[in-house]
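The values are calculated or read from the model by the stated rules, or taken from the named source; none is laboratory data. Note that the structure is a prediction, hence the values are computed from the model and not measured. A quick note on method: Cβ atoms are made from the backbone with ideal geometry, for glycine too, and the neighbour counts reach across all protein chains shown.
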Amino acid sequence: MLVVMDQKATPEEIDAVVAAIESKGFTARPIPGGQRVAIGVLHNQGHIETGLFLGLPGVKELIPVTRPYKLVSREFQPDDTVIRVDEVAIGNGHLTIIAGPCAVESEQQALTIARHVQQAGAQLFRGGAFKPRTSPYSFQGLGEEGLKILARVRDDTGMPVVTEAMDHEVFDLIETYADIIQIGTRNMQNFSLLRRAGRTDKPILLKRGLSATIEEWLMAAEYIMDAGNSKVILCERGVRTFAHHSRNTLDLSAIPVVQKESHLPIIVDPSHAAGRRDQVIPLSRAAVAVGAHGLMVEVHHQPERALSDGAQSLYPDQFRELCRQIEPIFKTFRPNGVTSGAQGSQALNPS
Ligand code: PEP
Ligand code: MN
């Protein structure tokens, strides 16, 4: 339930409502929003007696929250969340491009790719140091050495870095290096990892599970927010279907549904959806047209030599072409929107 306060409610009246909520054993969460002061009631089991709060001074109305996810929902927070990492914004009004190799393989590899993608228009660099691989015999990532390389890429290019925390044990380490921490598709319902992600102040990139419904995905985001971290970026990366013309099936219909249900930013990863590079540019165009707030794309300067996901990694020239093609699509729908900073184009990052 949401307790909406009168515009003129005093801080004392707001404190009194918070105290009344907590005295019943519930959690009170003030909800940010430009237009109104509201306090969310969480951790109630079942129905709440509305009479408990309705008569309190300064209370304007009580709104029942119908969705199972609360903090994530637009019912709780009507205004879009825009997450900022250094100079980069992710959320409504922005088109944010994350690019880089599937895995960090060496300093030379990471730096070469980082310079290419930055020149083409990427604002954030991605690269896995700990890789979730289907086979235990496949390359598992460089571990901490990979994180150190990511830190050097950041120092060298100024681009913030995104990397995956595969489990609880490495989370502390990842937190010291990453600017955004990814939770991968296979971990979307790893609830202890989600709770740990809720205790960092770094933004979390939460990928949709291989076969997760939108409700399950938003509930996973709710775990992170409930544990205290409101900086969650959702990432649609394709779901498992009967199709075998692509690695997964990119569910672009998830974008408008999530944007209706939630205030959180949502981006699209066309690389893991497609599994093959010839589909990545068309899917990227479609993702931007449908209203995604950004893209995460795998790029490699020598994909045939990549230690993971080479088949879906774009060559640098193709990534440049991708950035060139998506910008006018974004501008058509968002004339005042901000894109990255593609070479030869206007800074895509307004205020
Ligand atoms: C990745 O981003 O490299 C990755 C492993 O993604 P996913 O969890 O979507 O498979
Ligand atoms: Mn990959």
Going through the range 232-241 in order, the residues found to be away from ligand 2 (no atom under 16 Å from the Cβ) and surrounded by 22 or more Cβ atoms within 10 Å (Cβ to Cβ) are 232, 233, 234
Report whether or not residue 290 is out of contact with any strand residue (DSSP E or B) (no Cβ under 6 Å at 6 or more places or on another chain) and of a type in the set (A, V, I, L, M).
yes
What about residue 250, is it within 12 Å of ligand 1 (Cβ to nearest atom) and under 22 Å from residue 95 (Cα atoms)?
yes
Check 170, 104 and return the single one that is away from ligand 1 (no atom under 14 Å from the Cβ) and aliphatic (A, V, I, L, M).
170
Filter the range 290-307 down to the residues that are within 16 Å of ligand 1 (Cβ to nearest atom), farther than 25 Å from residue 91 by Cα and either surrounded by 24 or more Cβ atoms within 10 Å (Cβ to Cβ) or free of Cβ contacts under 8 Å to residues at least 12 places away in the same chain (or both) and list them by number.
300
When the residues of the range 187-204 are narrowed to those that are touching a Lys or Arg at 6+ places or on another chain (Cβ under 9 Å) and not polar (S, T, N, Q), which ends up nearest to residue 135 (Cα to Cα)?
188
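Residue-wise test of (1) surrounded by 17 or more Cβ atoms within 10 Å (Cβ to Cβ); (2) within 16 Å of ligand 2 (Cβ to nearest atom).
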residue: 230; (1), (2): yes, no
residue: 247; (1), (2): yes, yes
residue: 309; (1), (2): yes, yes
residue: 324; (1), (2): no, no
What are the pairs, 6+ residues apart or on separate chains, where a residue within the range 90-103 that is within 17 Å of residue 277 (Cβ to Cβ) has its Cβ under 8 Å from a residue that is at pLDDT below 95 and surrounded by 24 or more Cβ atoms within 10 Å (Cβ to Cβ)?
97/339; 97/340
Check the range 60-81 and report whether any residue there is more than 16 Å from ligand 1 (Cβ to nearest atom), of a type in the set (S, T, N, Q) and closer than 18 Å to residue 178 by Cα.
no
Given the condition touching a His at 6+ places or on another chain (Cβ under 7 Å) and among the polar types (S, T, N, Q), answer yes or no: does some residue in the range 257-268 qualify?
no
Pick from 142, 150, 111: which is in contact (Cβ under 8 Å) with a residue 40 or more places away in the chain and closer than 21 Å to residue 173 by Cβ?
150
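Residue by residue, here is whether (1) in contact with a Phe, Trp or Tyr (Cβ under 6 Å, 6 or more places away or on another chain); (2) buried (at least 19 other Cβ atoms within 10 Å of the Cβ); (3) at pLDDT 95 or above holds:
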| residue | (1), (2), (3) |
| --- | --- |
| 132 | no, no, no |
| 142 | no, yes, yes |
| 145 | no, no, yes |
| 148 | no, no, yes |
| 152 | no, no, yes |
| 157 | no, no, yes |
| 168 | no, no, no |
| 172 | no, no, yes |
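For (1) among the aromatic types (Phe, Trp, Tyr); (2) over 30 Å from residue 316 (Cα atoms); (3) in contact with an Asp or Glu (Cβ under 8 Å, 6 or more places away or on another chain); (4) part of a helix (DSSP H, G or I), each residue gets a yes or a no:
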site	(1), (2), (3), (4)
34	no, yes, yes, no
38	no, yes, no, no
45	no, yes, no, no
65	no, yes, yes, no
80	no, yes, no, no
89	no, no, no, no
99	no, no, yes, no
105	no, no, no, no
114	no, no, yes, yes
